Amino acid sequence: MRAWMGLFIGFVAIGGISAWRGLEEPLPTGPYPLAYPAAFGGRFTIPADNPTTQEGVYLGRLLFYERRLSANQAIACASCHQQARAFTDGQRLSRGVSGKPTRRNAMSLTNLLWVRRLFWDGRSNSLEAQALVPLYHADEMGLRPGQGAEALQQVAPYPTLFKQVFGSDTITDARIGQAIAQFERTLISADSPYDRYLAGQYQLTASEARGLQLFSRAPSRDGIVRGGNCAHCHGGPKLYQELFHNNGLDQQAGDGGRQQVTGQALDAGRFRVPTLRNIALTAPYMHDGRLATLTDVLDHYSDHVQASPTLASELVSAQAGGLRLTSSEKKDLLAFLHLLTDTSFVRNPRFADPHNQLRPHLK
Amino acid sequence: MAHRSYLNGAYRSQPSSRISRTLLRGLSGWAFLLLTLSGQAQTLTISGEVAKPLTLQAADLKAMTHSTLTARDRDGKDHQYTGVPLVDLLKQAGVTLGGELRGENLTKYVLVKAADGYEVLFALPEIDPEFATRTIILADAVDGAPLPQGVGPYRLVVPGEKKPARWIREIKSIEVRFAR
């Protein structure tokens, strides 16, 4: 872990300086090393036709911050996925080119390398395909298919860069999606105080330690052992399990969530279990952003879980009055949740808007 | 319909009895009611390294020979689970079991997937009775009733394991793969 951290920080430092300082320096090319702690595991697939390269990631990053990829030239991916907020936008629902609110809350873009089914309802199986969905959505970026590619074909340095990345200067929507996917794969967050605690490099305060215990432990049936059992779904080093659950927001879900993808009644009101990484930065919460603060979220799981036929079995006892966290327990859990904030991730210059620091020879 | 019984994971053969047949007929009635209520039938697919990929409807599974075993769930209590031995399902799909489970076929594994995204894995010898001393079943009933919503229509019951973490619920697919 220590060695890995060193490699990661060193990489960021060298990459950051050489990429943006050297005026005559060429764009770095070649494979982009994806560094992550061993505990994150290698269960991910990068499409054989879209390997992660330095030039591809750079192009994807330009596109991620590119406002020309919207009908009114005002909205980029980064409008609703802002780095300082761990790539969310602070809104209950987002507003794109139409000004109409979107259906669901903008998701944090973190550790997507490992995510197998994207969106709140898991309807997309690849970052390449996912990236194009907001581009075409009338209430997000509002482009017609091909419109974005056509616009960028006229703008330097895009044709040059596409040639470098894909071997052809013809810009297509599919290549736009591929480049953005490459950039998204690099958005790895693994340097929160909690990560450092796991690596034996951070000492928990008494409150944080109590919070971790409540987070990790299931309550006993008799109520003597206290616990929130949060880790059952939000556990592991990546702080999520790839599951779709109904977490008891409503007795009758207005938004079917996963059911709209599978058509199965047992999926009614199920949504993906989001990562808790950087959770203190990603308010408001839930698929529709209905809960404004983390305190509201803890109150929900403690006191307001609604019964329904598809309520997650782990929450049935909470709904029946089993959890009922005390105010000091909630305080401890909050203290723990704040340990999950990775400030080096939200300040990483390699993830920032590159358009203000365009390499001169590409301008 | 032949009916077999397993007690605490130990297998003992039992002739087909009228009682069990009546019981199973009763269960299928319940299963039908449940499917009607939920509006759609949940199918089970078996795919991957198989001679014959299968998409099984509720009626297909209902028609297969069922076994009953007693095993302890997370609630700490013993329950009677009824279902189709997993090995029978895999044999129907033409998976390399029995005499064929040797050589490179020993590097095959079975990935069982649930509707909510949960997944668990078994090596083929854990399922093959020529290797394993216990029988894993794809249960569709517990204590004489269909599995409740959130558990059913199908759940694996793995007798003899200290944690029921591989008793995966809401099973929708079984994939057989080669380790690479």
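Comparing A:Val225, A:Val316, A:Val305 in a Gaussian network model of chain A where C-alpha atoms under 10 Å apart are linked, the largest mean-square fluctuation is found at A:Val225.
Bridgeable aspartates and glutamates around B:Lys77 (alpha carbons under 17 Å apart, same-chain partners fewer than 8 residues away excluded): A:Asp222, B:Asp143, B:Glu161. The angle between the Cα long axis of helix A:206-216 and the main principal axis of chain A comes to about 90°, on a 0 to 90 degree scale. Have a look at A:Tyr202, A:Tyr136, A:Tyr58 and tell me which one the Gaussian network model of chain A (Cα, springs below 10 Å) gives the largest fluctuation. Result: A:Tyr202 has the largest fluctuation of those listed. Roughly how tilted is helix A:2-20, in degrees to the nearest 10 and between 0 and 90, from the longest Cα axis of chain A? Long axis of A:2-20 versus the principal axis of chain A: about 40 degrees. Among the trypsin sites (Lys or Arg not before Pro) found in region A:109-142, those both in a DSSP coil and sparsely packed, with 16 or fewer other Cβ atoms within 10 Å of their Cβ, are A:Arg116, A:Arg123. Note: region B:60-180, Cα convex hull, 109 Å³ per residue. Counted over all Cα-Cα pairs of the protein assembly as shown, pairs farther apart than 40 Å make up 34 percent.
Taking the longest Cα principal axis of chain A as reference, the axis of helix A:54-64 is set at about 70 degrees.
Interface burial in region B:91-134 reaches 30 Å² or more for B:Ala115, B:Asp116, B:Gly117, B:Glu119, comparing the full protein assembly with the chain by itself; accessible area from heavy atoms with a 1.4 Å probe.
Considering only B:Gly144, A:Phe166, A:Leu281, the residue lying farthest towards the positive end of the dipole of the protein assembly as shown is B:Gly144, judged by Cα position with unit charges set on Cβ. Taking A:Pro159, A:Pro51, A:Pro26 as the candidate residues, the one with maximal mean-square fluctuation in a Gaussian network model of chain A, Cα springs under 10 Å, is A:Pro26. When the other protein chains are added to the chain by itself, burial of at least 40 square angstrom of heavy-atom accessible area (probe 1.4 Å, ligands and nucleic acids ignored) affects these residues of region A:226-246: A:Leu243.
Return a whole-number percent for the relative contact order of region A:204-246, with Cα pairs under 8 Å and 6 or more residues apart as the contact set.
On the way: 43 pairs, mean separation 11.0, N = 43.
Contact order relative to length: 26 percent.
Based on protein heavy atoms only, chain A ends up with 44 Å² per residue of surface accessible to a 1.4 Å probe.
Straight Cα distances below 24 angstrom link B:Lys91 to the lysines B:Lys52, B:Lys62, B:Lys108, B:Lys113, B:Lys172, with same-chain residues fewer than 8 positions distant left out.
Out of the total accessible area of the protein assembly as shown (probe 1.4 Å, heavy atoms of protein only), what percent is carbon and sulfur?
54 percent
Just in region B:56-111: which trypsin sites (Lys or Arg not before Pro) are loop by DSSP and have at most 14 other Cβ atoms within 10 Å?
Working: sites: B:Lys62, B:Arg72, B:Arg74, B:Lys77, B:Lys91, B:Arg102, B:Lys108; in loops: B:Arg74, B:Lys77, B:Arg102.
Taking region B:56-111 and a limit of 14 other Cβ atoms within 10 Å, the loop trypsin sites (Lys or Arg not before Pro) found are B:Arg74, B:Lys77, B:Arg102.
A 1.4 Å probe, protein heavy atoms only, puts the accessible area of A:Phe351 near 0 Å².
Other protein chain C-beta atoms within 10 Å of residue C-beta, averaged over A:258-265: 3.
Give the A-B buried accessible area in Å², both sides summed, 1.4 Å probe, nearest 100.
Result for this pair: about 1300 Å² buried.
Working from label points 7 Å from Cα in the Cα-to-Cβ sense, the A:Arg123 to A:Asp169 distance is 3.8 nm.
Against the compact-protein benchmark of 2.2 N^0.38 Å, the Cα-based radius of gyration of region A:244-283 scales to 1.31.
Could you work out Rg/(2.2 N^0.38 Å) for region A:231-363, with Rg from alpha carbons only? Can you show the working numbers first?
On the way: Rg = 18.3 Å, N = 133, 2.2 N^0.38 = 14.1 Å.
The value comes to 1.30.
Comparing each chain alone with all protein chains together (probe 1.4 Å, DNA, RNA and ligands left out), the residues of region A:274-320 losing at least 20 Å² of accessible area are A:Pro309, A:Ser313.
The values are calculated or read from the model by the stated rules, or taken from the named source; none is laboratory data. A quick note: this is a predicted structure, and the numbers were derived from the prediction, not measured. A quick note on method: Cβ atoms are made from the backbone with ideal geometry, for glycine too, and the neighbour counts reach across all protein chains shown. Heads up: the accessible areas ignore ligands, DNA and RNA and are worked out on the full protein's heavy atoms, side chains in. Shrake-Rupley method; radii C 1.70, N 1.55, O 1.52, S 1.80 Å.
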